[in-house]
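Asks: Sharing a structure here in structure tokens format.
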Number of protein chains: 2
Amino acid sequence: MVAEIITIGTEVVMGSILNTNSFFLSQKLIELGIEVHFHTSVDDNEKRLESIIKTAISRADLIITTGGLGPTKDDMTKEIIAKALGLNIELDKTMENNIIDMFTNGNWVMTDNNQKQAFKPTGSKFIENTIGTAPGIYIEKDSKKIIMLPGPPVEMELMFEKGVINLIKDDLNIITRSINLVGIGESSLESKLNNLNLNSRNFSVLTFAKKGVVEIKIIAKGKDKNKLEEEIINRIEIIKEEFNDYIYSYDSISLEEVIIDLLNKKRWTLAVAESITGGIISSKLTKIAGASSVFNRGLITYSNTSKIEELGVKKESLNKYGPVSKETAYEMAKGLFLKSNVDIALSITGLAGPGGGTQEKPIGLVYIGIITNKFEKVFKYNFNGNRNLIQERAAVKALDEIRKLIKQ
Amino acid sequence: MVAEIITIGTEVVMGSILNTNSFFLSQKLIELGIEVHFHTSVDDNEKRLESIIKTAISRADLIITTGGLGPTKDDMTKEIIAKALGLNIELDKTMENNIIDMFTNGNWVMTDNNQKQAFKPTGSKFIENTIGTAPGIYIEKDSKKIIMLPGPPVEMELMFEKGVINLIKDDLNIITRSINLVGIGESSLESKLNNLNLNSRNFSVLTFAKKGVVEIKIIAKGKDKNKLEEEIINRIEIIKEEFNDYIYSYDSISLEEVIIDLLNKKRWTLAVAESITGGIISSKLTKIAGASSVFNRGLITYSNTSKIEELGVKKESLNKYGPVSKETAYEMAKGLFLKSNVDIALSITGLAGPGGGTQEKPIGLVYIGIITNKFEKVFKYNFNGNRNLIQERAAVKALDEIRKLIKQ
């Protein structure tokens, strides 16, 4: 099966938003063994959209569109696709009632526009959208499958996973596995990986750098699924042997999920005192369902006053060593540990810039303090990048320090 | 002039790399007054690439391709484009000598492949690549302009800025302005906007929904730049009159930047007590340089214990009304206000799910408390979406409440 991905919206071709939808959908389709030959993006123009759709129908078996399903007049994906396929558009009463219910329950004002979302091409099916107002649509006609999804990535991605995969699966096998690493740079990882000679005709081993972490992706393609899986496991074992200390998870499990999971298993609690990262560590952890049983509190002691009042950092230490120092990081962690009665207290302080750096204490200097019943330590790091990159890298490093501590 | 951007490479349509080239080029072309109607991506396949090129020639005046200019056999962009245009490929002696020099100077081993890069279609010109081995190519034929650039973004972007802009500039101006709104839904905004009749032949007024906020984008196109700017200002005034309360900024200024800026101007300080948002509000604010003078502290009181210990929330209130209640939100804000000596204390508590919702207190229920010297209030909201969307929407709503308070 050959697929084409069409992203619809003036904001895409005008460069107002980065097209992550095509990227996401390609990855998912490859994992399902579906080849993608084309990505097409077009602005919200009726004539151009129609020509794009017709071209796609002539060259692909599966067409997935994103965008243009909202309530406004710019949104005309389903109307144009119906037209291109020679289908009518009809009101779906059940969907209309769902929409009315949703607006009533939420106490929102429903406009005429919203009713538009209850219409669909004759013979098509709705794909449920549990987190937004625009449902998706599935049509099968003349052995072509057409799937329309809304543009917002969070809605589109969830709907793809929950409602689309079952509609499009076929029997060619492409298996992908990801190995996620932290604390190692991409180029150093890549040159070491090359020496392991893991690529072959059926196997590609690629590396992708993300914010502070690196992913190794193995893509295997072939007919015999069991054999592919066996050979993937062999490759993972080789990679594990070489990079074990850096590996924090496999596939789509995030560093934060690993930490919350490990803490829950050990029944350990965590408290965090953040200065430079200003809440990034806490918000990453509390985005994970299950955080509430292990995340005791986060104190964002951004000002000196709050470091003194909330954490009992000594005024003299702040004066003598400065807020960005080993001593302050230690006293932050110690104060937090004493007041919160947790198993692990983490502190972080540093200089994110812009401005404020000196030769002795440059922008990017970060201290991370960790205190437990058995363990007290302050780590010193230097990160480069702009303000937000330094904050992000410091947060990931702190999370990695917690991970290594819990794994011990 | 109408442009099409074509990105060539199996890695793009396989989802191995995110297509930032189309994004970059669209932004730059819009700035130059060139409209982009299509983005197309295709894998390294001769037949499909040829059909894509022919389609593009039929519907665009300017075609920019990236990728497929390297030395390997997968790289065939210039060969296919020459074929589509009926041109021959010829060796350029000067370029051949340049390449030989480069390899000699760099002490690199030159392979036969590298000589391939000295070939170009008859009548075309090379575009210099100062940081990579693959030069770009420019062809003008039958009043169509075709520009081929290499795929690596750093090379492509530099070559565009240095060698391409002068080739494609025309005398038509496109000016874009953005108006950013919060607290109003996209569909309600659009139906009100339509009544204002701001669109005309030279002006498009579009709306884009982002995480919790909405953008109105005005795109003006025409020869007389001064007149366009004047008419844009007129339209902004009309929009301002209608939506003034919802507008928080213009162009690329974020809601957090606006708040930090307003606080700095008034010399007001802010403290935040977050439960449901777990640090999102604090981290958004502290990502802005300049936060340190106004952001006093953030307390992420995720557990009941921490609400009691850090904020003096009464155990009886937690038992009687629950952690997600008007009373708890009020006591959180009050406790924070009393202990932190700030001008504004904000609290937020709610249910993000998954699980834990009841009919009386459904998932998505959020209370926001604000206390100042003159003002005490608790706001109640219901948000929909999954855990992370509810957290994100609640955070944006809280930021908007702060903004409205400071603006008063």
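Asks: With B:ASN45, B:ASN21 as the choices, which residue is open to solvent by 30 Å² or more (accessible area, probe 1.4 Å), touching a helix residue (DSSP H, G or I) at 6+ places or on another chain (Cβ under 9 Å) and within 11 Å of chain A (Cβ to nearest Cβ)?
Replies: None of the other options fit; the residue is B:ASN45.
Asks: Go through B:SER293, B:SER303 for me and flag whichever is within 14 Å of chain A (Cβ to nearest Cβ), of a type in the set (Gly, Ala, Ser) and within 17 Å of A:ARG297 (Cα to Cα).
Replies: Result of the check over B:SER293, B:SER303: B:SER303.
Asks: Looking at the stretch A:320-333, can you tell me whether even one residue there is open to solvent by 60 Å² or more (accessible area, probe 1.4 Å), within 14 Å of chain B (Cβ to nearest Cβ), closer than 27 Å to A:ASN264 by Cα and in contact (Cβ under 8 Å) with a residue 12 or more places away in the chain?
Replies: Taking every residue of the stretch A:320-333 in turn, none turns out to be open to solvent by 60 Å² or more (accessible area, probe 1.4 Å), within 14 Å of chain B (Cβ to nearest Cβ), closer than 27 Å to A:ASN264 by Cα and in contact (Cβ under 8 Å) with a residue 12 or more places away in the chain.
Asks: Okay, next question. From the list B:THR130, B:THR66, B:THR111, which one is touching a Leu at 6+ places or on another chain (Cβ under 8 Å), more than 24 Å from B:MET1 (Cβ to Cβ) and β-branched (Val, Ile, Thr)?
Replies: B:THR130
Asks: Out of the residues in the stretch B:164-193 meeting the condition of being open to solvent by less than 30 Å² (accessible area, probe 1.4 Å) and not β-branched (Val, Ile, Thr), tell me which one is modelled with the lowest pLDDT.
Replies: Only one residue tops the list, namely B:SER187.
Asks: Hey, another quick one. Which one of these does A:LYS314 not meet: (1) at pLDDT 95 or above; (2) over 21 Å from the mean Cα position of the chain (by Cα); (3) open to solvent by less than 30 Å² (accessible area, probe 1.4 Å)?
Replies: (3)
Asks: To continue, here is another question. Do the conditions hold for A:LYS397, that is, is it modelled with pLDDT of 95 or more and farther than 20 Å from A:ASP343 by Cα?
Replies: Considered against the rule, which asks whether it is modelled with pLDDT of 95 or more and farther than 20 Å from A:ASP343 by Cα, A:LYS397 comes out as no.
Asks: Restricting to the stretch B:194-228, give me the number of residues that are within 29 Å of B:ILE259 (Cβ to Cβ) and surrounded by 14 or more Cβ atoms within 10 Å (Cβ to Cβ). Write out each step before concluding.
Replies: Pass one, the stretch B:194-228, residues within 29 Å of B:ILE259 (Cβ to Cβ): B:196, B:198, B:205-219.
Checking which are surrounded by 14 or more Cβ atoms within 10 Å (Cβ to Cβ) leaves us with B:196, B:198, B:205-210, B:212-219.
Summing the residues that are within 29 Å of B:ILE259 (Cβ to Cβ) and surrounded by 14 or more Cβ atoms within 10 Å (Cβ to Cβ) in the stretch B:194-228 gives 16.
Asks: Looking for whichever is open to solvent by less than 70 Å² (accessible area, probe 1.4 Å), in the same structural domain as A:GLY151 (by TED's automatic domain parsing) and touching a helix residue (DSSP H, G or I) at 6+ places or on another chain (Cβ under 9 Å) here; the options are A:ASN114, A:ASN88. Which one fits?
Replies: Exactly one of A:ASN114, A:ASN88 is open to solvent by less than 70 Å² (accessible area, probe 1.4 Å), in the same structural domain as A:GLY151 (by TED's automatic domain parsing) and touching a helix residue (DSSP H, G or I) at 6+ places or on another chain (Cβ under 9 Å), namely A:ASN114.
Asks: Name the residues in the stretch B:334-355 that are within 30 Å of B:ASN264 (Cβ to Cβ) and not hydrophobic (A, V, I, L, M, F, W, C), would you?
Replies: First pass over the stretch B:334-355, keeping only residues within 30 Å of B:ASN264 (Cβ to Cβ): B:334-350.
B:LYS334, B:GLY335, B:LYS339, B:SER340, B:ASN341, B:ASP343, B:SER347, B:THR349, B:GLY350, listed by residue number.
Asks: Taking the stretch A:272-298, which residues are under 18 Å from A:GLU401 (Cβ atoms), part of a strand (DSSP E or B) and open to solvent by less than 10 Å² (accessible area, probe 1.4 Å)?
Replies: A:VAL272, A:ALA273, A:GLU274, A:PHE295, A:GLY298
Asks: It is to be established whether one or more residues within the stretch A:359-370 are in a helix (DSSP H, G or I) and over 24 Å from B:GLY290 (Cβ atoms).
Replies: Scanning the stretch A:359-370, I find no residue that is in a helix (DSSP H, G or I) and over 24 Å from B:GLY290 (Cβ atoms), so the answer is no.
Asks: Go over the candidates B:GLY350, B:GLY355 one by one and state the one that is open to solvent by less than 60 Å² (accessible area, probe 1.4 Å) and in contact (Cβ under 8 Å) with a residue 12 or more places away in the chain.
Replies: B:GLY350
Yes/no per residue for (1) among the basic types (Lys, Arg); (2) within 11 Å of chain B (Cβ to nearest Cβ); (3) touching a residue at least 40 places away in the same chain (Cβ under 8 Å); (4) touching a helix residue (DSSP H, G or I) at 6+ places or on another chain (Cβ under 8 Å):
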{"site": "A:SER26", "(1), (2), (3), (4)": "no, yes, no, yes"}
{"site": "A:GLU31", "(1), (2), (3), (4)": "no, yes, yes, no"}
{"site": "A:ILE64", "(1), (2), (3), (4)": "no, no, yes, yes"}
{"site": "A:THR104", "(1), (2), (3), (4)": "no, no, no, no"}
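Asks: On the given criteria, is A:MET102 open to solvent by less than 40 Å² (accessible area, probe 1.4 Å), aliphatic (A, V, I, L, M) and over 30 Å from A:ILE238 (Cα atoms)?
Replies: No: the conditions fail for A:MET102.
Asks: Oh, and also: Restricting attention to the stretch A:206-230, report how many residues are of a type outside the set (Asp, Glu) and over 21 Å from the mean Cα position of the chain (by Cα). Please lay out each step first, then the result.
Replies: First, the residues of the stretch A:206-230 that are of a type outside the set (Asp, Glu): A:206-214, A:216-223, A:225-228.
The next check asks that each one be over 21 Å from the mean Cα position of the chain (by Cα); those that pass are A:220-223, A:225-228.
Summing the residues that are of a type outside the set (Asp, Glu) and over 21 Å from the mean Cα position of the chain (by Cα) in the stretch A:206-230 gives 8.
Asks: Now for a separate question. Are any residues in the stretch A:66-85 of a type in the set (A, V, I, L, M) and within 13 Å of chain B (Cβ to nearest Cβ), and if so, which ones?
Replies: Result: A:LEU69, single match.
Asks: I'd like the full set of residues that are within 12 Å of chain A (Cβ to nearest Cβ) and at pLDDT 85 or above, limited to the stretch B:196-206.
Replies: Within the stretch B:196-206, B:ASN199, B:VAL205 qualify.
Asks: Among the numbered criteria (1) within 14 Å of chain A (Cβ to nearest Cβ); (2) of a type in the set (A, V, I, L, M, F, W, C); (3) open to solvent by 70 Å² or more (accessible area, probe 1.4 Å), which one does B:ILE260 miss?
Replies: (3)
Asks: Specify the residue that is nearest to the other protein chains (Cβ to nearest Cβ); the eligible residues are those in the stretch A:1-16 that are modelled with pLDDT under 95 and either part of a strand (DSSP E or B) or surrounded by fewer than 18 Cβ atoms within 10 Å (Cβ to Cβ) (or both).
Replies: Within the stretch A:1-16, the match that is nearest to the other protein chains (Cβ to nearest Cβ) is A:VAL2.
Asks: Pick from the stretch B:48-62 the residues that are within 11 Å of chain A (Cβ to nearest Cβ) and β-branched (Val, Ile, Thr): which of them is most open to solvent (accessible area, probe 1.4 Å)?
Replies: Here the answer is B:THR55.
Asks: Also, I was wondering about something else. Could you list, in sequence order, all residues of the stretch B:78-120 that are part of a helix (DSSP H, G or I), hydrophobic (A, V, I, L, M, F, W, C) and closer than 13 Å to B:ILE146 by Cβ?
Replies: B:ILE80, B:ILE81, B:ALA82, B:ALA84, B:LEU85 - these are the residues of the stretch B:78-120 that are part of a helix (DSSP H, G or I), hydrophobic (A, V, I, L, M, F, W, C) and closer than 13 Å to B:ILE146 by Cβ.
Asks: Just checking: which of the strands (runs of 3 or more DSSP E) contained wholly in the stretch A:135-243 hold 1 or more residues that are touching a Ser or Thr at 6+ places or on another chain (Cβ under 8 Å) and assigned by TED's automatic domain parsing to the domain that holds A:ASN114?
Replies: Passing ranges, in order: A:136-141, A:144-149.
Asks: On to the next question. Exactly one condition in (1) away from chain A (no Cβ under 13 Å); (2) under 25 Å from the mean Cα position of the chain (by Cα); (3) closer than 30 Å to B:LEU311 by Cβ is false for B:TYR246; which is it?
Replies: (3)
Asks: Would you point out the residue of the stretch A:226-244, among those that are touching a helix residue (DSSP H, G or I) at 6+ places or on another chain (Cβ under 8 Å) and not β-branched (Val, Ile, Thr), that is farthest from B:SER275 (Cα to Cα)?
Replies: Per the stated criteria, the residue is A:GLU242.
Asks: Counting only residues that are basic (Lys, Arg) and over 16 Å from A:ILE179 (Cα atoms), how many does the stretch A:191-241 have?
Replies: 5
The values are calculated or read from the model by the stated rules, or taken from the named source; none is laboratory data. Just so it is clear, the model here is predicted, and its values are computed rather than measured. Note that each Cβ is placed from the backbone with ideal geometry, even for glycine, and that neighbours are counted across all protein chains shown. Note: areas computed on protein heavy atoms with side chains; ligands, DNA, RNA excluded. Shrake-Rupley method; radii C 1.70, N 1.55, O 1.52, S 1.80 Å.
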